[in-house]
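A.B. asks: Structure incoming, see below.
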Amino acid sequence: MAMVCLSDFEAHAKKYLPKIAWDFFAAGADDCITRDENVLAYKRISFRPRMLRDVSMMDIRTKLLGTEISFPVGIAPTGFHQLAWPDGEKSTARAAKALNICYIASTYSTCTLEEISTAAPGGLRWFQLYIHRNRAVSQQLVQRAEALGFQALVLTADLPYTGKRRDDIRNGFRLPPHMKLKNLEGAFEVCDCSEYGLPPNSLDPSVTWNDIYWLRSLTHLPIIIKGILTKEDAELAVRHGVQGIIVSNHGGRQLDGGPATIDALVEVMEAVKDRIEVYLDGGIRKGSDVLKALALGAKCVFIGRPALWGLAYKGEEGLQDVLRILQDEFRLSMALAG
């Protein structure tokens with residue numbers, strides 16, 4: 001079957017991935033309302049296309065914190081890529097480098113930061129951080145990432161506790177025995193790794209805005225906050241000196257009943273007023289979705305589940321296919337919108 005659009009990759013992944021892996025990737029919190037709204041909200045936004053604009057030459061490149069990428073799409077941090085493809089995050093890193101885009105590697109990768117760096121030397125990579133109760137673990141991760149040439153630190157702010165994902169509970173989700181959270185091996189004394197490969201309650205729910213200063217003391221890397229959905233928090237992010245915001249609701253996997261990210265983007269942009277860069281993830285399924293997000297102010301968007309569908313199809317090659325489809329659709333949408 002020809003893979004024409006991202007939903008083709010979704011259908012393939014649902015058909016061929018083990019049910020427990022598919023359910024983990026697809027899961028939303030509670031009734032999955034926010035997860036589904038992320039996608040549906042784009043359908044309610046329409047263009048005002050302009051005609052006779054000479055679209056024979058178009059430049060779809062942009063810059064993230066000063067580094068050029070080939071088009072305004074990156075790969076959002078998601079965990080456990082080996083559930084989708086044996087080479088896991090190494091394939092993800094290679095595909096991102098091949099397309100010259102940004103890949104945000106997750107704390108919960110099934111490959112080490114060193115393996116990811118070696119797989120795609122010179123690629124643009126940021127590191128996503130969860131802060132654990134054992135702060136020394138988080139500090140070591142940040143310093144490893146900086147030493148390996150990761151170019152920014154992305155702090156996930158919306159996960160003091162893990163959202164209730166019903167299918168994972170029903171399935172008794174566990175990482176297969178041969179898979180490990182490679183960046184956290186040996187980090188915890190307790191070996192009961194019941195919750196997504198970690199001991200229960202290992203994340204620090206006491207994290208506040210003041211911890212931005214703590215992170216700043218550990219690294220020279222620019223800090224980006226992921227999980228902002230309101231103008232109040234956008235203003236606090238600017239006030240605390242971060243370099244960027246990712247408007248995100250964790251793919252609808254945390255609080256169900258929050259806004260779709262494309263809807264939240266509007267109020268965040270009004271608060272930020274171009275003082276820092278604003279990005280978005282959640283619900284991107286077509287090149288025209290990318291254009292809508294940019295038209296509403298985002299500098300770049302990041303894809304989560306579609307990247308995993310690409311990996312599940314043909315690893316690095318499948319992910320490149322997904323990215324090229326989005327790139328072609330984005331370019332076409334730009335031309336047709338004038």
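A.B. asks: How many residues does segment 255-277 contain that are of a type in the set (V, I, T) and without any contact (Cβ under 8 Å) to a residue 40 or more places away in the chain?
C.D. replies: 3
A.B. asks: Considering each residue of segment 92-125, count those that are in a helix (DSSP H, G or I), touching a residue at least 40 places away in the same chain (Cβ under 8 Å) and over 18 Å from E68 (Cα atoms), and give that number.
C.D. replies: 3
A.B. asks: Among the residues of segment 79-91, are any in a loop (DSSP other than H, G, I, E, B), under 20 Å from K286 (Cα atoms) and not acidic (D, E)?
C.D. replies: Within segment 79-91, none of the residues are in a loop (DSSP other than H, G, I, E, B), under 20 Å from K286 (Cα atoms) and not acidic (D, E).
A.B. asks: Of the numbered conditions (1) farther than 25 Å from A93 by Cβ; (2) of a type in the set (V, I, T); (3) open to solvent by less than 20 Å² (accessible area, probe 1.4 Å), I276 fails exactly one; give the number of that condition.
C.D. replies: Here I276 meets the rest and fails (3).
A.B. asks: If I go through segment 50-67 residue by residue, how many of them are over 24 Å from L6 (Cα atoms) and open to solvent by 50 Å² or more (accessible area, probe 1.4 Å)?
C.D. replies: The total comes to 11.
A.B. asks: Given the conditions (1) buried (at least 24 other Cβ atoms within 10 Å of the Cβ); (2) of a type outside the set (F, W, Y); (3) farther than 20 Å from F127 by Cβ, which single one is not true for V266?
C.D. replies: (1)
A.B. asks: May I pose another question? Please go through segment 153-169 and pick out each residue that is assigned to a helix (DSSP H, G or I) and either free of Cβ contacts under 8 Å to residues at least 12 places away in the same chain or open to solvent by less than 50 Å² (accessible area, probe 1.4 Å) (or both).
C.D. replies: D168, I169
A.B. asks: Look through A237, A295, A307, A260 and report the one residue that is modelled with pLDDT of 95 or more, small (G, A, S), more than 16 Å from the chain's Cα centre (by Cα) and closer than 26 Å to S333 by Cβ. Spell out how you get there, then give the answer.
C.D. replies: Details: A237 fails: closer than 26 Å to S333 by Cβ; A307 fails: more than 16 Å from the chain's Cα centre (by Cα); A260 fails: more than 16 Å from the chain's Cα centre (by Cα).
Being modelled with pLDDT of 95 or more, small (G, A, S), more than 16 Å from the chain's Cα centre (by Cα) and closer than 26 Å to S333 by Cβ holds for just one of A237, A295, A307, A260, which is A295.
A.B. asks: Another question, then. Somewhere in segment 18-31, is a residue more than 27 Å from S109 (Cβ to Cβ) and part of a helix (DSSP H, G or I)?
C.D. replies: No, every residue in segment 18-31 fails to be more than 27 Å from S109 (Cβ to Cβ) and part of a helix (DSSP H, G or I).
A.B. asks: While we're looking at this one, here's another question. Within segment 237-263, take every residue that is of a type in the set (A, V, I, L, M), assigned to a loop (DSSP other than H, G, I, E, B) and open to solvent by less than 10 Å² (accessible area, probe 1.4 Å) and give me the one that is nearest to L159 (Cα to Cα).
C.D. replies: Step by step, filter segment 237-263, then rank; the result is A260.
A.B. asks: Quick one: in segment 68-99, of everything that is of a type in the set (V, I, T) and open to solvent by less than 10 Å² (accessible area, probe 1.4 Å), which residue is nearest to the chain's Cα centre (by Cα)?
C.D. replies: I75
A.B. asks: Got a sec? Which of I169, I228, I212, I224 is at pLDDT 95 or above, hydrophobic (A, V, I, L, M, F, W, C) and touching a His at 6+ places or on another chain (Cβ under 9 Å)? Break it down into steps so the answer makes sense when it comes.
C.D. replies: On the way: I169 fails: touching a His at 6+ places or on another chain (Cβ under 9 Å); I228 fails: touching a His at 6+ places or on another chain (Cβ under 9 Å); I224 fails: touching a His at 6+ places or on another chain (Cβ under 9 Å).
When all the criteria are applied, what remains is I212.
A.B. asks: Could I ask something else about it? Within the set of pairs 6 or more residues apart or between chains, which connect a residue that is at positive phi inside segment 309-338 to a residue that is modelled with pLDDT of 95 or more with Cβ atoms less than 7 Å apart?
C.D. replies: Pairs found: G315/W85; G315/D87; G315/S91; G338/P49; G338/R50; G338/M51; G338/R53; G338/V55.
A.B. asks: Name the residue, out of G283, G315, G310, that is in a loop (DSSP other than H, G, I, E, B) and among the small types (G, A, S).
C.D. replies: One residue alone meets the criteria, G283.
A.B. asks: So, one more: Among the residues of segment 64-78, write down those that are part of a loop (DSSP other than H, G, I, E, B), more than 12 Å from W126 (Cα to Cα) and in contact (Cβ under 8 Å) with a residue 40 or more places away in the chain.
C.D. replies: S70, F71, P72, T78, listed by residue number.
The values are calculated or read from the model by the stated rules, or taken from the named source; none is laboratory data. All values derive from a computational prediction rather than experimental measurement. Cβ: placed from backbone, ideal geometry, glycine included. Neighbour counts: every protein chain shown. Ligands, DNA and RNA are stripped out before the accessible areas are found, and what is left, the full protein with its side chains, is counted by its heavy atoms. Shrake-Rupley method; radii C 1.70, N 1.55, O 1.52, S 1.80 Å.
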